[in-house]
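Okay, structure first, notes after.
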Amino acid sequence: MPRVLVAGGTGFLGRAFVRGLHRRGAQVAVLTRNPAGAGRLGLPAEFVQGDVRRPGALASAMRGVDAAILSVQFPGYPVEAPARGRTFMEVDARGTAALVQAAVEAGARKLVYLSGVGADPGSARTWYRAKGLAEASVRDSGLDYVIVRPSWAYGPEDRSLNRFIALIRGIPLVFPQLGDGSGRITPIHVDDLADLVCEATLGSAGDGLTLEAGGPRVLSLDDVVRTAMAALGRRRAILHIPAGLAKLAAACAELLPGQVLSRDAVDFVTQEGVADSDPARRRFPAFCPRDLATGLAEYVSRT
């Protein structure tokens, strides 16, 4: 029975990975800053303490691990809080590099890194740059690896698309859409993504590859909203809020305590993210993501 550590296993994606690994018979450990709190999530896993911003103790947390899934995010993602060390560069880039080094020191065999469509160490966008640097750490580790670049993942426990659902339910007549709504994405249900990640972790079909993962259809952000409305049985006019106006509000929000909104976060949530999933489907023939309408219908009530 392989032992797999999931770094970021208490997050939205990580929880799906933990459950998928458990169903496949793996022994699962979750790296977390707060094992006692994580234990209340009811996940079928052992919880080990570790913090990617304190790399000294990570190797001991990795001891006895055959493979590690690296899927860490900072609290408040994607709104950064530099004073608290909650940034893409600190967590995604340097944190992942620390995990890679710990895995090497602990004798792990394989790494699976959750990156993102568009990752590029030379990008002007800090989140793409951080993911690209993290990918380089994984590739240079000397271990077997798979890099998965998902598009926008959604599901019953996510915060992003479910925020759209809440707005449709809570605001009459209109839906406030940041930007012009033309950004194209390929939404993927988190369970479909988890199936790919778990098979890549426990098998060898994806070793040495960088695989994009998205749903079967390219949708605009406005298409996503309309699909959510249809799932709810509600109709709203889409009111586009110019990105410049949203960034002006975000600049004011940056002065407030907490991680409310930021100008970079406006760019993050309106960016494109089209995944080419054909290589993943060729390597993993069972990988057949459901479309957004089907995925939403499974958990969104028409009330």
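The values are calculated or read from the model by the stated rules, or taken from the named source; none is laboratory data. Just so it is clear, the structure is predicted and the values come from calculations on it, not from any experiment. Because the Cβ atoms are built from the backbone with ideal geometry, glycine has one as well, and the counts that use them run over all protein chains shown.
Things worth noting here:
- Count of the range 184-209 residues, restricted to those that are outside any helix (DSSP H, G or I) and either acidic (Asp, Glu) or at pLDDT below 95 (or both), is 1.
- 2 or more residues small (Gly, Ala, Ser) and surrounded by 17 or more Cβ atoms within 10 Å (Cβ to Cβ): qualifying helices (runs of 4 or more DSSP H) within the range 234-303: 243-253
- Residue check for Asp264: in contact with an Asp or Glu (Cβ under 8 Å, 6 or more places away or on another chain), closer than 29 Å to Phe74 by Cα and either at pLDDT 95 or above or not hydroxyl-bearing (Ser, Thr, Tyr) (or both): yes
- Residue in the range 101-115 that is over 18 Å from Val6 (Cα atoms) and of a type in the set (A, V, I, L, M, F, W, C) present: no
- In summary, Leu43 fulfils each of the numbered conditions (1) assigned to a loop (DSSP other than H, G, I, E, B); (2) closer than 30 Å to Val266 by Cα; (3) in contact with a Lys or Arg (Cβ under 8 Å, 6 or more places away or on another chain); (4) not aromatic (Phe, Trp, Tyr) with the single exception of condition (2).
- Here Glu105, Glu90 are screened, and the one residue that is within 25 Å of Glu272 (Cα to Cα), in a helix (DSSP H, G or I), of a type outside the set (Phe, Trp, Tyr) and modelled with pLDDT of 95 or more is Glu90.
- Considering residues of the range 54-86 that are part of a helix (DSSP H, G or I) and closer than 17 Å to Gln101 by Cβ only, the residue modelled with the lowest pLDDT: Ala57
- Of all residues in the range 151-188, those satisfying the criterion of being charged (D, E, K, R) and closer than 16 Å to Gln271 by Cα are Asp180, Arg184.
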